[in-house]
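Read the structure below first, then the notes.
Each value in this text was obtained by applying a stated rule to the coordinates, not by laboratory testing. Since we're looking at a predicted model, the values are computed, not measured. Ideal geometry is used to build each Cβ from the backbone, glycine not excepted, and the neighbour counts take in all protein chains shown.
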Amino acid sequence: KAGVTQTPRYLIKTRGQQVTLSCSPISGHRSVSWYQQTPGQGLQFLFEYFSETQRNKGNFPGRFSGRQFSNSRSEMNVSTLELGDSALYLCASSLSSPGGGYTFGSGTRLTVV
Amino acid sequence: GDSVTQMEGPVTLSEEAFLTINCTYTATGYPSLFWYVQYPGEGLQLLLKATKADDKGSNKGFEATYRKETTSFHLEKGSVQVSDSAVYFCALSVSFNKFYFGSGTKLNVKP
């Protein structure tokens with residue numbers, strides 16, 4: 001079966017712009033989570049969506065937002081981009097409970113210049 | 001709060017050497033524990049997991065045992081291969097798909 005698909009794979013944006021990243025989970029997975037990965041901070045949890053509702057949120061400013069659609073696809077948006085937002089953004093999907101673990105996508109590499 | 005601490009890398013080994021990557025955790029409640037592996041340019045892949053104390057997760061020759069008394073989940077492999085070169089992440093989850101990841105340990109295996 002198809003894995004978790006993230007688009008685009010690479011993105012270059014200018015400071016102050018906004019960006020939208022997309023994630024299509026594995027068919028049947030209703031939970032989608034987003035992580036930011038940087039060399040300095042490692043993997044940091046952004047938020048998790050289940051059945052179109054945000055169920056968990058990490059400690060990121062309000063510039064970071066997300067949503068989930070009825071088909072479980074998810075988008076995350078970052079407004080007013082800063083240089084420090086340059087990172088690999090990873091999406092992960094799973095069934096409803098944490099016991100099974102995630103399946104991650106390959107990520108979107110965002111560079112802010 | 002909940003957290004994971006794993007040994008810093010990089011770890012450099014020769015092929016067929018024994019591998020141990022240490023991982024300890026702090027958690028409220030009863031977490032599930034995981035090891036993930038990340039190859040260059042890719043996302044993370046689930047390597048193995050354990051959901052309760054004394055469980056042993058295993059996959060592709062890798063093993064880790066959930067030790068509640070020492071709050072540890074060390075990753076081991078008896079004989080590493082060059083293809084095992086990657087970054088390994090220890091992680092825990094206590095609720096609703098909120099995971100806490102360690103900082104990652106880079107493994108370099110030389111032929």
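For this structure, a couple of remarks:
- Of all residues in segment B:61-73 being more than 14 Å from chain A (Cβ to nearest Cβ) and touching a strand residue (DSSP E or B) at 6+ places or on another chain (Cβ under 7 Å), the one that is farthest from residue A:43 (Cα to Cα): B:61
- Cross-chain or 6+ apart pairs with Cβ under 7 Å, segment B:58-72 first and part of a loop (DSSP other than H, G, I, E, B), then of a type in the set (Val, Ile, Thr): B:71/B:24; B:71/B:26
- Residue match in segment B:81-90 (condition: buried (at least 17 other Cβ atoms within 10 Å of the Cβ), in a strand (DSSP E or B) and over 14 Å from the mean Cα position of the chain (by Cα)): no
- Inclusion of residue A:32 among residues that are of a type in the set (Val, Ile, Thr), within 12 Å of chain B (Cβ to nearest Cβ), surrounded by 14 or more Cβ atoms within 10 Å (Cβ to Cβ) and within 10 Å of the chain's Cα centre (by Cα) is warranted.
- From the options B:93, B:103, residue that is outside any strand (DSSP E or B) and either buried (at least 18 other Cβ atoms within 10 Å of the Cβ) or within 11 Å of chain A (Cβ to nearest Cβ) (or both): B:103
One line per residue, one yes/no per condition, for (1) more than 14 Å from chain B (Cβ to nearest Cβ); (2) at positive phi; (3) assigned to a strand (DSSP E or B):
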| residue | (1), (2), (3) |
| --- | --- |
| A:59 | no, no, no |
| A:67 | yes, no, yes |
| A:76 | yes, no, yes |
| A:80 | yes, yes, no |
| A:89 | no, no, yes |
| A:93 | no, no, yes |
| A:106 | no, no, no |
| A:110 | yes, no, yes |
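- Leading residue by the ranking (farthest from residue B:83 (Cα to Cα)) among those in segment B:18-36 that are crowded, with 21+ Cβ neighbours inside 10 Å and of a type in the set (A, V, I, L, M): B:33
- Every residue from segment B:29-53 that is farther than 23 Å from residue A:38 by Cβ and in contact with a strand residue (DSSP E or B) (Cβ under 7 Å, 6 or more places away or on another chain): B:29, B:31, B:32, B:33, B:48, B:49, B:50, B:51
- Scanning segment B:21-47 for residues that are assigned to a strand (DSSP E or B) and without any contact (Cβ under 8 Å) to a residue 24 or more places away in the chain yields B:45, B:46.
- With respect to (1) outside any strand (DSSP E or B); (2) more than 14 Å from every other protein chain (Cβ to nearest Cβ); (3) closer than 23 Å to residue B:45 by Cα, the lone exception for residue A:84 is condition (3).
- Residue satisfying condition, being over 12 Å from the mean Cα position of the chain (by Cα) and within 11 Å of chain B (Cβ to nearest Cβ), within set A:37, A:41, A:6: A:41
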